Amino acid sequence: MTTLDIPVSAIGPDIDRPRGGALAALVRHSVALARRSLIKTVRTPEALIDVTLQPVIFLLLFTYLFGGAIAGGDRHAYLQFLLPGMLAQSLAMGGIALGQNLNADIQKGVFDRFRSLPVARSAPLVGAVAADVVRYLTVCVVMLAFGTVMGFRVETGFLPAVAAVALSIGFGLCFCWISVWVGMLVRTPGAVQGVMFLLVFPLSFGSNVFVATNTLPGWLQAFVHVNPITPLVGSIRGLLVGGPVAGHLVVTLAWMAGLLVVFVPLALRAYARRA
Amino acid sequence: MTDLVVRAEGLRKRFGKTQALDGVDLAMRRGTVLGVLGPNGAGKTTAVRVLATLLRPDAGTAEVAGIDVLRQPQRVRRRIGLTGQYASVDEDLTGTQNLVLIGQLLDLTTKDAKRRAAELLDWFDLSEAAGRPAKTYSGGMRRRLDLAASLVGHPEVIFLDEPTTGLDPAKREDMWGVVRTQVTQGASVLLTTQYLDEADALADEIVVINQGRVIAHDTPDGLKRRVGGLTLRVRPTDPARVPDAMRVLDKVAAPGTAASADGSAGSRPGAVSVPVIGDIALDDAVPALRQAGIEVTELGLHLPSLDEVFHALTETKTMEEALS
């Protein structure tokens with residue numbers, strides 16, 4: 001063991017001010033923490049099952065099990081209808097793991113270390129959410145690639161398809177703040193999953209993902225119409241296989257903004273209280 | 001007063017029905033080690049969490065490095081290092097990645113963070129494991145990495161919350177060496193521990209906390225003196241002479257006491273202990289032993305162990321409460 005003799009000033013000329021100002025520091029710290037999450041993802045590829053194997057199995061099951069019955073035997077037509085919707089469902093489910101991971105981090109004391117460092121309170125959460133982009137992108141790529149193998153075809157064009165993927169990832173990033181908030185509130189990672197399933201299952205099945213809304217009873221139609229998944233599915237469907245987009249898109253973007261406005265402050269407050 | 005690097009007054013914190021801190025005062029001089037000693041649940045960890053800006057107290061004030069912990073936590077965070085009770089390294093990250101991340105969060109440039117990480121890994125004998133995920137590390141290696149993580153920013157004040165819990169004796173002594181080195185380089189260390197020998201070996205001053213209250217604050221020797229007198233211990237070379245030695249030493253015993261043969265209470269048999277009033281007893285004991293022709297392999301004065309002090313202090317307090 002040798003002697004350490006670097007002076008304290010090695011931290012910076014002014015140790016009371018973050019380098020480049022508060023906002024630059026938040027971005028820099030969030031990026032560093034996002035990188036941490038990405039390293040963890042790469043080290044534990046099995047944690048990607050919910051955004052790779054699971055959507056593929058769901059797609060296979062629903063297409064071949066129900067496709068014949070629902071779409072009058074035309075499985076290809078049903079796949080064209082189903083895949084954009086299942087993309088939305090997989091994105092909503094894909095955010096659940098984030099809340100579980102953050103909950104586990106808090107339990108292990110990893111966040112104590114971060115909180116004892118001079119970083120913005122929000123940086124660990126913002127960083128973790130930013131790293132989830134990779135998972136949502138994976139969902140999109142896997143479903144479109146596997147769907148293509150099954151016979152799915154984009155009927156619009158390259159740019160609309162890219163827009164659909166971008167919108168999907170954007171929605172995933174907004175929706176996952178619910179999971180982050182729940183992750184700060186409940187005691188165990190398992191409880192995060194339980195609570196989030198209670199939310200995500202009704203939202204993703206009580207929507208226009210699997211069947212046309214006009215086949216549903218009136219009360220369920222009413223729920224489907226106020227469900228944020230519905231306009232998202234409408235937008236993605238329009239962007240991938242054609243149909244009206246603008247109306248759905250406006251509602252979707254409004255929902256995304258609403259999710260951020262409500263759940264980011266809730267998550268940050270719950271995080272600050274969780275000591 | 002200016003050389004106090006940690007100062008806390010009247011810290012109170014309640015969790016539900018538990019009064020974790022019930023008016024704790026702490027003071028640590030710059031460049032020293034303060035040992036915070038207490039049984040499980042005494043409030044040690046809560047006190048450290050308040051000082052390390054992780055927890056707001058219900059009442060009381062605290063300053064670390066001259067800065068108000070409650071008003072300017074970010075400034076405090078730039079000057080402290082914290083190693084928690086449970087090693088909080090990230091298991092999926094390698095040793096290097098763990099330390100570089102901390103460096104980046106402390107606003108080092110990536111280059112400086114990498115240099116600092118390499119330097120610390122080398123210092124903690126972790127260079128060979130630097131590229132491996134921390135989950136492959138042994139318990140001792142994890143502790144070392146955790147401690148290294150708290151030193152990345154050259155902290156003025158280092159908080160170590162039970163840093164050696166669960167380590168084997170050799171690893172504990174390594175840890176002690178690290179703490180001493182930090183202090184020689186100008187850092188101040190506040191260390192909580194349940195191990196009295198650890199506090200004895202490291203701390204310049206010891207605070208004993210029990211049930212959220214400080215029940216003693218003194219130097220290790222001061223604490224020992226406070227509780228009991230000196231003991232003279234003699235080990236005859238020939239164990240058969242123990243009875244003779246007892247007879248000789250009875251003459252120097254403090255009034256009302258007598259020499260006794262060791263063998264119980266954890267000490268190795270074959271020695272004789274006798275309570276004495278002062279070190280003057282040595283002057284009488286040595287010639288008397290020689291006169292009796294008793295050769296000895298060990299002869300020395302001992303303060304009571306911190307264990308005895310600790311039990312005396314905590315029991316007295318509990319008794320007082322029971323009576324009041």
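No value in this document is a laboratory result; all are computed from the given coordinates. From a predicted model like this one, the values you see are computed outputs, not experimental measurements. Don't worry about glycine lacking a Cβ; one is built from the backbone with ideal geometry, like all the others, and counts go over all protein chains shown.
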Q.
What three numbers, in Å, describe the spread of the alpha carbons of the range B:186-318 along their principal axes, ordered from the longest?
A. 52, 35, 27
Q. Once Rh for the range A:22-273 is found with the Kirkwood sum over Cα pairs, what is the Stokes-Einstein diffusion coefficient at 25 °C and 0.890 mPa s, in µm²/s?
A. 130
Q. Once phi is turned into ³J(HN,Hα) by the Karplus curve 6.51 cos²θ - 1.76 cosθ + 1.60 with θ = phi - 60°, what whole-Hz value does each residue of the range B:56-70 show in order, with x for glycine and proline?
A. 8, x, 6, 7, x, 10, 8, 10, 10, 6, x, 10, 5, 5, 7
Q: Go ahead and set up a Gaussian network model of chain A, Cα springs under 10 Å, then flag whichever of A:Val126, A:Val134, A:Val149 fluctuates most.
A: A:Val149
Q | Evaluated over the range B:229-302, the Cα radius of gyration and Dmax, each in Å | A | 10.9, 31
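How large is the convex hull of the C-alpha atoms of chain B per residue, in Å³? Intermediate results must be reported in sequence, preceding the final value.
On the way: hull volume 56.3 nm³, N = 324.
So the per-residue hull volume is 174 Å³.
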Q: Quick one: what are the phi-derived ³J(HN,Hα) couplings along the range A:61-74, Karplus 6.51/-1.76/1.60 with θ = phi - 60°, whole Hz, x for glycine and proline?
A: 4, 5, 5, 8, 7, 9, x, x, 6, 6, 9, x, x, 8
Q: Using only Cα atoms, locate the centre of the range B:186-223 and the centre of the range B:6-36, then give the distance between them in Å, rounded to an integer.
A: 12
Q) Taking the DSSP beta bridges in the protein assembly as shown as the whole, what percent of them are antiparallel, to the nearest 5? A) 65
(Q) Against the 2.2 N^0.38 Å scaling, with N counting residues, where does the range A:95-205 land? I'd like the Cα-based Rg ratio to two decimal places. (A) 1.27
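Which of the trypsin sites (Lys or Arg not before Pro) found in the range B:208-315 are loop residues per DSSP with 15 or fewer other Cβ atoms within 10 Å of their Cβ?
Working: sites: B:Arg213, B:Lys224, B:Arg225, B:Arg226, B:Arg233, B:Arg241, B:Arg247, B:Lys251, B:Arg290; in loops: B:Lys251.
Within the range B:208-315, the qualifying trypsin sites (Lys or Arg not before Pro) (loop, at most 15 other Cβ atoms within 10 Å) are B:Lys251.
With an 8 Å Cα cut-off and a minimum separation of 6 or more residues, compute the relative contact order for chain B in percent.
Details: 626 pairs, mean separation 60.0, N = 324.
It rounds to 19 percent for chain B.
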**Q.** Inter-label distance, nm, simple model (7 Å from Cα along the C-beta direction), B:Glu9/B:Asp221
**A.** 3.1
**Q.** Residues A:Arg274 and B:Gln185, FRET efficiency given R0 of 30 Å [Cβ-Cβ distance, rounded to 0.05]
**A.** 0.30
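What FRET efficiency do you get for B:Lys251 and B:Ser138 if R0 is 60 Å and r is their Cβ-Cβ distance, rounded to the nearest 0.05? Before the final figure, lay out each step's value.
Numbers: r = 54 Å, r/R0 = 0.90.
Step by step, r from the Cβ atoms, then E = 0.65.
Kindly flag which residue pairs out of B:Lys44/B:Lys135; B:Lys17/B:Lys224; A:Lys108/B:Lys44; A:Lys40/B:Lys171 have an alpha-carbon separation exceeding 23 Å in this structure.
The pairs that break the limit, which is 23 Å between Cα atoms, are B:Lys44/B:Lys135; B:Lys17/B:Lys224; A:Lys40/B:Lys171.
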**Q.** P(r) tail fraction, the protein assembly as shown - alpha-carbon pairs more than 39 Å apart, %
**A.** 47
Q: Measure nothing but the geometry: give the 0 to 90° angle between the long axis through the Cα atoms of A:189-205 and the longest principal axis through the Cα atoms of chain A, rounded to 10°.
A: 30
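Hey, could you grab the Kirkwood Rh for the range A:131-275? Inverse mean 1/r over distinct alpha carbon pairs, Å, one decimal. Numbers along the way, then the final one.
On the way: mean 1/r = 0.0602 Å⁻¹.
Kirkwood hydrodynamic radius for the range A:131-275: 16.6 Å.
Summarise the partner chain shielding of A:34-41 as one whole number: the mean count of Cβ atoms from other chains within 10 Å of each residue's Cβ. Before the final figure, lay out the partial values.
Working: counts 0, 5, 9, 2, 0, 7, 5, 1.
Mean partner-chain Cβ count within 10 Å for A:34-41: 4.
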Q: Post the alpha-carbon centroid distance, the range A:209-274 to the range B:101-116, in whole angstrom.
A: 41
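Viscosity 1.306 mPa s, temperature 10 °C: give me the Stokes-Einstein translational D for the range A:56-124 in µm²/s, with Rh taken as the Kirkwood radius over C-alpha pairs. Walk me through the numbers before you get to the answer.
Values: Rh = 15.1 Å.
Translational diffusion coefficient: 105 µm²/s.
Two-decimal Rg/Rh of the range B:85-219 from alpha-carbon positions, Kirkwood Rh? Could you put the intermediate results ahead of the total?
Working: Rg = 15.5 Å, Rh = 15.6 Å.
With Rh from the inverse mean 1/r over Cα pairs, Rg/Rh is 0.99.
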Q. Charges only on Cβ, +1 for Lys and Arg, -1 for Asp and Glu: so what's the dipole of chain A about the Cα centre, in debye to the nearest 20?
A. 560
Q. Rounded to the nearest whole Å³, what is the per residue volume of the convex hull around the Cα atoms of the range B:159-247?
A. 171
Q | the range B:1-91: Rg to Rh, with Rh as the Kirkwood radius over Cα pairs | A | 0.96
Q: Pop a pseudo-label 7 angstrom from the Cα along the beta-carbon direction at both B:Gln72 and A:Ala77 and give the gap in nm to one decimal.
A: 7.3
